[in-house]
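The values are calculated or read from the model by the stated rules, or taken from the named source; none is laboratory data. Keep in mind it's a predicted model, so treat the numbers as computed, not measured. Glycine also receives a Cβ, built like all others from the backbone with ideal geometry; neighbour counts cover every protein chain displayed.
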Amino acid sequence: METTISTYIKVDTVKQAVEQLQLHEQAIVVAGGTDVYVNKQQGNTEAELFIDISQLKSLQTVSIHEQKVEIGSLVTLEKIITHKELSLIFPALKEAARAVATPVIRKTATIGGNILCENRCSYYNQSEWWREAVGYCLKCNGDICIATGGKKNCFSKFVSDTAPVLIALGAHVTVADKNGERKISLENLYTGDGVNPLAISRQTLLLSIEIPITGSRVVFKKLRPRKSLDFTSLSTAVSLDRENNLRIVIGGVDPRPVIAEGNLNTDDAAMLLTAACKKPRVVENDYYPRAYRKEMIHVFIQQSFEELGI
């Protein structure tokens, strides 16, 4: 895989960004760039044009209303962590944001970038010469999933830390493309296809995240070798609202967030836990062994139930 030289431009408005995306099919939007530029250096990202949207002030605000919170896609993770009112309303979101990378990276990395973070795999996120030596996988135009030996499906893992919490809270995102703006449920942003994990095209711009204020309590947990820097090997977010609606969201063990839900007035919590543990398609593509990660799914959810008083 040859690495091409990319052009770099800055835009001043959302309209300009969308227009440039339509003109360049292989363009990539950057703001913090904490993942994009690393992937570019490793040869995992090809782009004819980088569109820098970091100057778009309209996407850098947090607006708190009576029944919802709107967060611009360019709000940094550091701002999520230090925003006092937001932290009071959604403490689990603050915890998830603080679980991302390191303090220095969080000052630049955006919540939009974390939501759109490219799926990862221990056989894919390597240098170009390493991937060539071991053999190209499905995610880098090869003909086999090295983790499973299969030739049809890529199981690169979904690794966003903030998305599981946002999905547990029922968040929606607003995106813009040549047809205008539209709102979609955050969980529907992900396809489950490890090669093409996002349900929006590269010509689409993420504008904002909308979270309803429902009084839900959420417990977030993350498994990784170190408590800073490392991408997730397993993330869970378990929410319980005032009507006893329970939602379990699991990341880091499947190409998309895995969701199990029910109502504790009619559904048995133990059965919901068992159902959630069976859903993830865990493969050997991580620092931790597959069996351990599967076991920790049960442990994390059970601990979350206990913290929620279930």
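Quick notes on this one:
- Inter-residue pairs, beta-carbon under 8 Å, first buried (at least 18 other Cβ atoms within 10 Å of the Cβ) and of a type in the set (D, E) and in segment 22-44, second in a loop (DSSP other than H, G, I, E, B) and modelled with pLDDT of 90 or more, 6+ apart: D35/A109; D35/C117; D35/E118
- Single unsatisfied condition, I51 versus (1) closer than 22 Å to G252 by Cβ; (2) of a type in the set (A, V, I, L, M); (3) more than 15 Å from the chain's Cα centre (by Cα); (4) at pLDDT 95 or above: (1)
- Residues being basic (K, R) and over 19 Å from Q302 (Cβ atoms) - total across segment 234-291: 4
The rows are residues; the columns are (1) part of a helix (DSSP H, G or I); (2) of a type in the set (D, E, K, R); (3) modelled with pLDDT under 95; (4) touching a strand residue (DSSP E or B) at 6+ places or on another chain (Cβ under 9 Å).
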| site | (1), (2), (3), (4) |
| --- | --- |
| E2 | no, yes, yes, no |
| I9 | no, no, no, yes |
| D12 | no, yes, no, no |
| E25 | no, yes, yes, no |
| V29 | no, no, no, yes |
| K79 | yes, yes, no, yes |
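- The residue pairs whose first member lies in segment 109-129 and is over 24 Å from I211 (Cα atoms) and in a loop (DSSP other than H, G, I, E, B), whose second member is modelled with pLDDT under 95 and hydrophobic (A, V, I, L, M, F, W, C), and whose beta carbons are closer than 8 Å, counting only pairs six or more residues apart or on different chains, are Y123/V134; Y124/C140; Q126/V134.
- Of all the listed residues (N244, N285), the sole one being surrounded by 23 or more Cβ atoms within 10 Å (Cβ to Cβ), polar (S, T, N, Q) and touching a strand residue (DSSP E or B) at 6+ places or on another chain (Cβ under 8 Å) is N285.
- Count of residues meeting criterion [surrounded by fewer than 16 Cβ atoms within 10 Å (Cβ to Cβ) and part of a strand (DSSP E or B)] in segment 205-214: 1
- Within segment 187-217, being farther than 24 Å from E19 by Cα and either more than 16 Å from the chain's Cα centre (by Cα) or among the hydrophobic types (A, V, I, L, M, F, W, C) (or both) holds for V195, I211, P212, I213, T214, G215, S216, R217.
- Any hit, segment 101-116, residues being modelled with pLDDT under 95 and at positive phi: no
- Set side by side, the residues R226, R182, R217, R202 differ, and just one is in contact with a strand residue (DSSP E or B) (Cβ under 9 Å, 6 or more places away or on another chain), modelled with pLDDT under 95 and surrounded by fewer than 20 Cβ atoms within 10 Å (Cβ to Cβ), which is R202.
- Those residues of segment 162-178 which are out of contact with any strand residue (DSSP E or B) (no Cβ under 6 Å at 6 or more places or on another chain) and assigned to a loop (DSSP other than H, G, I, E, B), in sequence order: K178
- Qualifying positions in segment 106-145 - hydrophobic (A, V, I, L, M, F, W, C), in contact with a Lys or Arg (Cβ under 9 Å, 6 or more places away or on another chain) and under 20 Å from K227 (Cα atoms): I111, C121
- Looking only at segment 131-152, residues that are assigned to a helix (DSSP H, G or I) and either small (G, A, S) or at pLDDT below 95 (or both) come to 5 in all.
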